[in-house]
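Notes to accompany the following structure.
The values are calculated or read from the model by the stated rules, or taken from the named source; none is laboratory data. Note that the structure is predicted; figures quoted are calculated from it, not measured. Please note: Cβ atoms are built from the backbone with ideal geometry, for glycine as well, and neighbour counts cover all protein chains shown. Side chains are part of the model used for accessible areas, which takes the heavy atoms of the whole protein and leaves out ligands, DNA and RNA. Shrake-Rupley method; radii C 1.70, N 1.55, O 1.52, S 1.80 Å.
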Amino acid sequence: MKQQIEGSQAVAQAVALCRPEVMACYPISPQTHIVETLSRKVKVGEIGNCQFLNVESEFGALSVLIGASAMGARSYTATTSQGLLFMAEAVYNAAGLGLPIVMTIANRAIGAPINIWNDHSDSMAMRDSGWLQLFAEDNQEAVDLHIQAFRLAEELSCPVMVCMDGYILTHAFEEVDLPTQEQVDDFLPPFEPVQVLDPQDPVSIGAMVGPEAFTEVRYLAHHKHLQALEAIPRISQTFQNIFQRSSGGLLKLYHTDKAETLLLALGSVNGTIKDAVDDLRTEGWPVGAIQLCSYRPFPSHALRHAAQNAKRVIVIEKDLAVGNGGIVSSEVKLALQGLPTIVDTVIAGLGGRAISKAAVIDTVKAACLEGLEEPHFLDLNWEAINRELTRQAEQRRSGPTPENLLREIGLSSGKAL
Amino acid sequence: MSYQRVKFYQTGTFTVGNRLLDEGDRTVQARTDRSNSLNSGHRACQGCGEALGARYALDAVMRATQNKMVAVNATGCLEVFSSPYPESAWQIPWLHSVFGNAPAVASGVAAALRAKGKTDIRVIAQGGDGATVDIGFGCLSGMFERNDDVLYVCYDNEAYMNTGIQRSGATPARAWTNTTQAVGTEPGNPMGIGKNLPCIAMAHGIPFVATASVADLHDLETKVTKAMSIRGARYIHIHVPCPLGWKSDPAQTIKVARLAVESGLFPLFEAEGGVVSDRTPIRKQVPVEQYLALQGRFKHLFNPRDEEALAAIQAMADRNIHLYGLLPTKPAMET
């Protein structure tokens, strides 16, 4: 049924329809509305016998789910940013143990400086943890990906992060078609674990493994991701058959045929990008877009196939590999190696800075006409940066950089600070 | 009434179990049908107190639950020496995640069992003192305050032994470890620091807290059995000598543990709802020196004698005896 609903509320509804058995949650903005809603649903008995644990930390939250999942319970939590980093050890452990936990990441920047707004630094920091990572473009897709995530996770016995942009999606009210319980039950079979703690058939889970087998165990984790490359589009298709709409998959193409320049991004900025593509095409620019829905596994083959005829791929990414540049663009370059395609890195939207349609259009034109420096930082305030660099060169005790920058920007915008 | 109070010291031995008792009163360990939760063939050092404590505790849990149990293990010696394939020594469903999260993982197992309506299966979590008082403390406190249905057992060997004998928050005053070396003006671990986890557990007001020692098997098994008769968060802190880290004779593990109890340095008591409800009296207090002298980690206190330190440690033992009422004011002879 279609409703005007907040993204977090919609995701909570979707998770509840998946009949989770254990949820353990710790508050951190901007994922709080999701777990608040779920806690209420559990308390009023809307989710069967589901257990909701208010825990002492994100590390505790995921650890609870490791135990619950190993006991054969469908398990869910949500976090973001500092919370994801605080649980990092358990994030790797859950994947290493092959436990099919589903976790929402309400993508948010990582401090310092502390910042609660959206970018993708948090989930990118966990990109090699062994979790599958699916990115939602809008709240409808966020809802649909959660339902797909449980099926994917449990089929492969591999944990899945569903990434949705913090505030931009979690706090946005949009029209969302919420599925019925019958549809979800048709799509999502009960959880049948591949390993379980059972006194009738005792096993040791999480034993030490030495050099004789560790590489093989790691390869098999990689193999799961290779299997996911096949499973993700198949499950997306099955979803479409039951729910009558397309959601998820490895990647989505927008006017890529005969496009000479392709924009590539993850998450909600794809809405802005598609508007920019429309405007550019109206002006006669042969431009298209690729939305990367699955970031882990990275769909190299599908991407290469989609981009093989383009002259240029401009990757707009909300993250920064400090000391190197683009995280996503590095992987795009690897996927396209051997092709003459130019790959540009545009670092944008860090800490919630808005990515405007106009800025995207200007960047595409600049890239095609003059080329971009590598990496290119969208809308960077060079004046403020240069003044701070001068200060740092002039005095040893130059003070805390973030505070200095705020002062610089306040002055340059005419505000007395 | 004329019955003779059984005193196990009467046998004059430290034998596990007690042949003077009726079969029904013997320890789980003395029974031919003992379950061997932790099977022989594991890789623990000779004289390992933790291996003994773990088998005593878990065999008692198995007996109390008719084998319907799951164990969650923190990283540490116990995990490392028991688990490498193909030599897993565990005869029970066993899960190891990471160092600092065993209490939370166990909470998750308990939550899953509640969700599935299988509350006849019981959950225990276990770890060393580092996993318990230091790195896993946040998760442990969370498990306590939520009163999750988990028995947590800490095997306290008073330092990080698995990583090669470094100080933990449970390392005793003036003990040598590789990070509190016997050098400087105050050789060994500084006096007056560290934490008392049984008391912290009691402060959470959980249903049951107890201390136990591998030197007193009847007492240990009784406390574990009692813990399994209770629902909610329970905590047992077991003193387990480590011959490697304590630089003691592997053949004297039980003796060392017994002297810790009899000196008053490791009081045996239990508490219900945050209030001490029982204690195991000491028949005759021994000076702490007898306990310390058996351990190379304290040898800097004797050569030359560090009277100040020895007196301070004796005062700690005396304080425990006073605090927990370990020496009866009247002789324990009334029947």
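Some observations on this one:
- Test: residue in segment B:44-61 that is within 16 Å of residue B:212 (Cα to Cα), touching a helix residue (DSSP H, G or I) at 6+ places or on another chain (Cβ under 6 Å), part of a loop (DSSP other than H, G, I, E, B) and in contact (Cβ under 8 Å) with a residue 40 or more places away in the chain: no
- Enumeration of residues in segment A:205-216 that are without any contact (Cβ under 8 Å) to a residue 24 or more places away in the chain and within 14 Å of another protein chain (Cβ to nearest Cβ): A:207, A:208, A:209, A:210, A:211, A:212, A:213, A:214, A:216
- Restricted to segment A:175-204, and to residues there that are open to solvent by less than 50 Å² (accessible area, probe 1.4 Å) and part of a strand (DSSP E or B), the residue that is nearest to the other protein chains (Cβ to nearest Cβ) is A:204.
- Residue check, residue B:194 open to solvent by 40 Å² or more (accessible area, probe 1.4 Å) and assigned to a loop (DSSP other than H, G, I, E, B): yes
- Scan of segment A:358-372 for residues that are touching a residue at least 40 places away in the same chain (Cβ under 8 Å) and not hydrophobic (A, V, I, L, M, F, W, C), ordered by number: A:363, A:365
- A single entry from B:156, B:59 fulfils the requirement of being touching a Lys or Arg at 6+ places or on another chain (Cβ under 7 Å) and either within 21 Å of residue B:253 (Cα to Cα) or β-branched (Val, Ile, Thr) (or both): B:59.
- Flag for residue A:345 being of a type in the set (Val, Ile, Thr) and assigned to a loop (DSSP other than H, G, I, E, B): no
- Any chance residue A:219 is under 27 Å from residue A:295 (Cβ atoms) and not in a helix (DSSP H, G or I): no
- Any pair with Cβ under 6 angstrom, 6 or more apart, that starts in segment A:68-80 at a residue that is more than 8 Å from chain B (Cβ to nearest Cβ) and more than 12 Å from residue B:70 (Cβ to Cβ) and ends at one that is crowded, with 24+ Cβ neighbours inside 10 Å and of a type in the set (Ser, Thr, Tyr): A:78/A:104
- Of the set (1) modelled with pLDDT of 95 or more; (2) buried (at least 18 other Cβ atoms within 10 Å of the Cβ), all apply to residue A:207 but (1).
- Hits in segment B:83-106 (condition: open to solvent by 10 Å² or more (accessible area, probe 1.4 Å), more than 7 Å from chain A (Cβ to nearest Cβ) and of a type outside the set (D, E, K, R)): B:86, B:99
- Search result, residues across segment A:28-69 that are farther than 16 Å from residue A:103 by Cβ and among the aliphatic types (A, V, I, L, M): A:42, A:44, A:47
- Residue identified as open to solvent by 10 Å² or more (accessible area, probe 1.4 Å), outside the structural domain of residue A:353 (by TED's automatic domain parsing) and of a type in the set (Gly, Ala, Ser) among A:142, A:172, A:153: A:172
Every residue, every condition in (1) part of a helix (DSSP H, G or I); (2) over 30 Å from residue A:153 (Cβ atoms); (3) modelled with pLDDT of 95 or more; (4) in the same structural domain as residue A:139 (by TED's automatic domain parsing), yes or no:
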residue: A:230; (1), (2), (3), (4): yes, no, yes, yes
residue: A:234; (1), (2), (3), (4): yes, no, yes, yes
residue: A:264; (1), (2), (3), (4): no, no, yes, no
residue: A:271; (1), (2), (3), (4): yes, no, yes, no
residue: A:275; (1), (2), (3), (4): yes, yes, yes, no
residue: A:280; (1), (2), (3), (4): yes, yes, yes, no
residue: A:284; (1), (2), (3), (4): no, yes, yes, no
residue: A:298; (1), (2), (3), (4): no, no, yes, no
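- Of everything in segment A:44-67 that is out of contact with any strand residue (DSSP E or B) (no Cβ under 7 Å at 6 or more places or on another chain) and open to solvent by 20 Å² or more (accessible area, probe 1.4 Å), the residue that is farthest from the other protein chains (Cβ to nearest Cβ) is A:44.
- Scanning segment A:307-333 for residues that are among the aliphatic types (A, V, I, L, M) and either surrounded by 23 or more Cβ atoms within 10 Å (Cβ to Cβ) or at pLDDT below 95 (or both) turns up A:307, A:310, A:313, A:314, A:315, A:316, A:328, A:332.
- For the condition surrounded by fewer than 24 Cβ atoms within 10 Å (Cβ to Cβ), out of contact with any Leu (no Cβ under 7 Å at 6 or more places or on another chain) and outside any helix (DSSP H, G or I), residue A:20 does not qualify.
- Test: residue in segment B:112-122 that is over 20 Å from residue A:48 (Cβ atoms) and crowded, with 20+ Cβ neighbours inside 10 Å: yes
- Residue check: residue A:147 meets all listed conditions (1) of a type in the set (A, V, I, L, M); (2) buried (at least 24 other Cβ atoms within 10 Å of the Cβ); (3) within 14 Å of chain B (Cβ to nearest Cβ); (4) more than 15 Å from the chain's Cα centre (by Cα) but one, namely (3).
- Verdict on residue A:259 being more than 30 Å from residue B:42 (Cβ to Cβ), aliphatic (A, V, I, L, M) and surrounded by 20 or more Cβ atoms within 10 Å (Cβ to Cβ): yes
- Boolean, residue B:149 is touching a residue at least 60 places away in the same chain (Cβ under 8 Å) and open to solvent by 10 Å² or more (accessible area, probe 1.4 Å): yes
- Scanning segment A:381-409 for residues that are loosely packed, with under 13 Cβ neighbours inside 10 Å and of a type in the set (Ser, Thr, Tyr) yields a single hit, A:390.
- Residue A:323 being at positive phi, more than 27 Å from the chain's Cα centre (by Cα) and not in a strand (DSSP E or B): no
- Among residues of segment B:47-82, those that are within 29 Å of residue B:248 (Cβ to Cβ), surrounded by 23 or more Cβ atoms within 10 Å (Cβ to Cβ) and of a type in the set (Val, Ile, Thr), counted: 2
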